Amino acid sequence: MGGSQFSGGGRSSAFPALSQSEVDAIIKAALDGGITWYDTAEGYGGGTSERSLSAGLTHAGMKPGDITVATKWTPVGRTAASVAKTIGKRNANLAPFPIDLHQIHTGFGSLSSIRAQVRAMARLVEAGTIRAVGVSNFSAKQMEIAHDELAKHGVPLASNQVQINLLHRKIETNGVLETARRLGVRC
């Protein structure tokens, strides 16, 4: 379940503000429906979504290990050094739930190379701060670069979170799905 709708509203949100009780009800309905994977990002309300998700899961009686939590680092206008500088905030926002998957939110806009960004993520895995590294909205070539750099550190590229649905099937023709399958990356 995606958590962007928990971003708190405001100018940068596509969603209206939700009270924590509304977030709790949504999360409870998701859990009752068997959903155990939750995705959010630091960019969703500047951490508001992460905090609301954590609170909702806690209110539902979930404990670390009961569910899987993924979040994303926003590279736009930042260097790879901010991966390590911002991870404490990600962990604080999501506490008590660990970051099972930490993703680079997009393949463009960073002041550092993709290789530098994924090296910073690999160091977080090596330190035990996160469990896995993924990317989001990466092209086939960007995904290959990330995969190759992470492999140098013995860290697999776990996923490339991309849009796909019955109306938007571009990954089937632009090489992303084919590359993901070849590399063993989930899309």
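The values are calculated or read from the model by the stated rules, or taken from the named source; none is laboratory data. On a predicted model such as this, the values are computed, not experimentally measured, just so you know. Ideal geometry is used to build each Cβ from the backbone, glycine not excepted, and the neighbour counts take in all protein chains shown. The protein model used for the area step is the full one, side chains on, heavy atoms only, and it has no ligands, DNA or RNA in it. Shrake-Rupley method; radii C 1.70, N 1.55, O 1.52, S 1.80 Å.
Surface exposure of the range 102-187, expressed per residue as accessible area with a 1.4 Å probe, stands at 54 Å².
A probe of 1.4 angstrom, applied to the heavy atoms of all protein chains, finds Leu31 with accessible area near 40 square angstrom. Calculated on C-alpha atoms, the gyration radius of the range 43-187 divided by its Kirkwood radius gives an Rg/Rh of 0.97.
Quick one: P(r) of the range 1-116 from all Cα-Cα pairs, 5 Å bins, percents rounded to integers, in order of increasing distance. Pair shares across the bins are 2, 12, 23, 23, 18, 12, 6, 3, 0. For the range 40-115, the fraction of 1.4 Å probe accessible surface lying on carbon and sulfur atoms is 60 percent. For the chain, the longest principal axis of the C-alpha atoms and the axis of helix 48-59 are separated by about 60°. With the dipole of the range 81-173 worked out from charges on the C-beta (+1 for Lys and Arg, -1 for Asp and Glu) around the Cα centre, which of Ser139, His168, Leu111 lies farthest toward the positive end? Going by the charge dipole, the pick is Leu111. Projecting label points 7 angstrom from Cα along Cα→Cβ for Glu126 and Ser19 puts them 4.9 nm apart.
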